[in-house]
Amino acid sequence: MHRSRSIAAAVLAALAALSLSAEAQPEIAYRILSGYVEKKEAAGDAGSKVAGTVLSSIGGLAIGGAAVAWFGSDEIADAMGAPRLDQDTKLGLTIGLGVGGAAFALGGAALIAAKPLDYRAAYAEVFTERDSAVREALSVAVLRDLALRGREARVTGALSSLLVPLVSSAIRVAVNVSEDKVWSDNLFSGVSWSSWSLVGGITGLFSTSEEERLYEKYLAGRDALYGERP
Amino acid sequence: MGKLIFGLGVLLGVLSPAAVPLMSARAFRQGETLYLSVELSGAFDGSAREAAASGSEVAFELEARLLSDDPGARLLAPVARARRSLRRDAATGRWVAAGSPGLEPRAFDDPEGAAILASRVWALELSPLASVGAGAELRVVARPGIVDAAGVWHPAAILWGYAEPLRVLKLRSAAEVPQ
């Protein structure tokens, strides 16, 4: 009797599961969002602090290099028995290293100073919602919002990196004009020192952030449920 | 003529140039029943969102017809219908997504979440799977409208720029309908 009752309960549970699967909508967005938040919580702000420290260090080294180039390159050249850098090359090197270093140092300081975002508090309406349909709809909205913010941050960072050689060039041109030289004199030799920033900016423009990839992952899952968009 | 009026409305700034909602549809089977899931992205954007924000209950009606794939195009099962709506409750300031079948009114603080929920029809029961037979065509169409306080439907094609999203799904046989 007890055994037949258990079998009946199991059959009923299986039938209920079958009917529920046609009625209960899978929560793709909620699962993706939960995974993302758990990953961020596990990492804490360690990633930002490390990245900020690395950036600040690189920035500091570059600024130090700029100072050495301007104030000490002549003495270093004399000590090594090598020809001194000509004034234009020295100026280009100093500007390139200085501006680039300042950008890195400021970026690193910002990362270190930034407080880690409490995602569960920021998106409390999602994580406290008990209705699965509402929770899923809210999760979609959050993923879309995160993807938009990620893209905005990526594009802003890329444009900032692209600005480094532009600023260096502008300073170079201003110096040339103030010294009554041709405006383009040694312009490209100065810019070449900040070519790494140009590469970084271009890479940033054509890559995708983690948040954008998460939203694409959601859209792929959504297409599996609702069919592909026309 | 309707599209001309819509264009004039956009030029005069009284209508938002909302794009036509994009319909994705997927037929699937569960047991011996054929179901349909549909999402209408952008159904509640632009003028529709503005109308809902002002307190009107903006809705769309979905019609799914299972037709034979012969030249006669006979109806193989009763037409399945669903309705989804969005409105902003003036008293609470919250956005309410509702519909039938399968969507009890749910309130949101965020209009985006409400619009996403209201733009989806999950697992609309169409017919017994056997109706598909050796092949069928599923035509899904959506039309916008406004529901008044008495619950009466008023067509409002202008909300979508007089467009009528349509998807046609070819079903080769009952066995080939995905789960």
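The values are calculated or read from the model by the stated rules, or taken from the named source; none is laboratory data. None of the values given here were measured: they were computed from a predicted structure. Positions of Cβ are generated from backbone atoms using ideal geometry, with glycine treated the same way; all protein chains shown enter the neighbour counts. SASA here: full protein model, heavy atoms, side chains in, ligands and nucleic acids out. Shrake-Rupley method; radii C 1.70, N 1.55, O 1.52, S 1.80 Å.
What the table shows:
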read-out: Residue in the range B:142-149 that is surrounded by 18 or more Cβ atoms within 10 Å (Cβ to Cβ) and over 18 Å from the mean Cα position of the chain (by Cα) present; value: no
read-out: Qualifying helices (runs of 4 or more DSSP H) (wholly inside the range A:103-179; at least 2 residues being of a type in the set (Val, Ile, Thr) and under 24 Å from A:Val199 (Cα atoms)); value: A:132-178
read-out: Residue match in the range B:104-113 (condition: under 13 Å from the mean Cα position of the chain (by Cα) and among the aromatic types (Phe, Trp, Tyr)); value: no
read-out: Any hit, the range A:203-215, residues being surrounded by 13 or more Cβ atoms within 10 Å (Cβ to Cβ), over 20 Å from A:Gly108 (Cα atoms) and within 14 Å of chain B (Cβ to nearest Cβ); value: yes
read-out: Boolean, B:Val121 is surrounded by fewer than 24 Cβ atoms within 10 Å (Cβ to Cβ) and within 14 Å of chain A (Cβ to nearest Cβ); value: no
read-out: Count of residues meeting criterion [assigned to a helix (DSSP H, G or I) and of a type in the set (A, V, I, L, M, F, W, C)] in the range B:113-157; value: 9
read-out: Check on A:Val164, touching a residue at least 40 places away in the same chain (Cβ under 8 Å), over 24 Å from A:Ala51 (Cβ atoms) and surrounded by 17 or more Cβ atoms within 10 Å (Cβ to Cβ); value: no
read-out: When residues of the range B:97-109 are limited to those that are within 9 Å of chain A (Cβ to nearest Cβ) and open to solvent by less than 40 Å² (accessible area, probe 1.4 Å), the one farthest from A:Leu138 (Cα to Cα); value: B:Leu103
read-out: Some residue of the range B:62-80 being in contact with a helix residue (DSSP H, G or I) (Cβ under 7 Å, 6 or more places away or on another chain), small (Gly, Ala, Ser) and in a strand (DSSP E or B); value: no
read-out: Within the range B:34-58, considering residues that are open to solvent by less than 10 Å² (accessible area, probe 1.4 Å) and closer than 18 Å to B:Val96 by Cβ, the one nearest to the other protein chains (Cβ to nearest Cβ); value: B:Leu40
read-out: Checklist (1) more than 14 Å from every other protein chain (Cβ to nearest Cβ); (2) open to solvent by less than 20 Å² (accessible area, probe 1.4 Å) applied to B:Glu61, failing item; value: (2)
read-out: Top-ranked residue in the range B:80-95 [being touching a Ser or Thr at 6+ places or on another chain (Cβ under 8 Å) and closer than 14 Å to B:Phe44 by Cβ; ranked as nearest to the other protein chains (Cβ to nearest Cβ)]; value: B:Arg84
read-out: Of all residues making up the range B:33-52, the number that are over 30 Å from A:Gly221 (Cβ atoms) and of a type in the set (A, V, I, L, M, F, W, C); value: 1
read-out: Of all residues making up the range B:73-96, the number that are open to solvent by less than 60 Å² (accessible area, probe 1.4 Å), within 23 Å of B:Leu166 (Cα to Cα) and not basic (Lys, Arg); value: 8
read-out: Search result, residues across the range A:100-127 that are within 16 Å of A:Gly65 (Cβ to Cβ) and out of contact with any Leu (no Cβ under 9 Å at 6 or more places or on another chain); value: A:Gly100, A:Ala102
read-out: Near pairs, Cβ below 7 angstrom, 6+ apart or cross-chain, from the range B:19-33 (facing chain A (nearest Cβ under 7 Å) and under 19 Å from B:Arg65 (Cα atoms)) to any residue that is surrounded by fewer than 16 Cβ atoms within 10 Å (Cβ to Cβ) and small (Gly, Ala, Ser); value: B:Gln30/A:Ser21
read-out: Cross-chain or 6+ apart pairs with Cβ under 7 Å, the range A:70-86 first and assigned to a helix (DSSP H, G or I), then open to solvent by less than 100 Å² (accessible area, probe 1.4 Å); value: A:Trp70/A:Lys90; A:Trp70/A:Thr94; A:Ser73/A:Leu85; A:Ser73/A:Lys90; A:Ala77/A:Leu85
read-out: Flag for B:Leu129 being open to solvent by less than 40 Å² (accessible area, probe 1.4 Å) and under 16 Å from the mean Cα position of the chain (by Cα); value: no
read-out: Residue in the range A:176-191 that is in contact with a Pro (Cβ under 7 Å, 6 or more places away or on another chain), open to solvent by 20 Å² or more (accessible area, probe 1.4 Å) and over 24 Å from B:Phe108 (Cβ atoms) present; value: yes
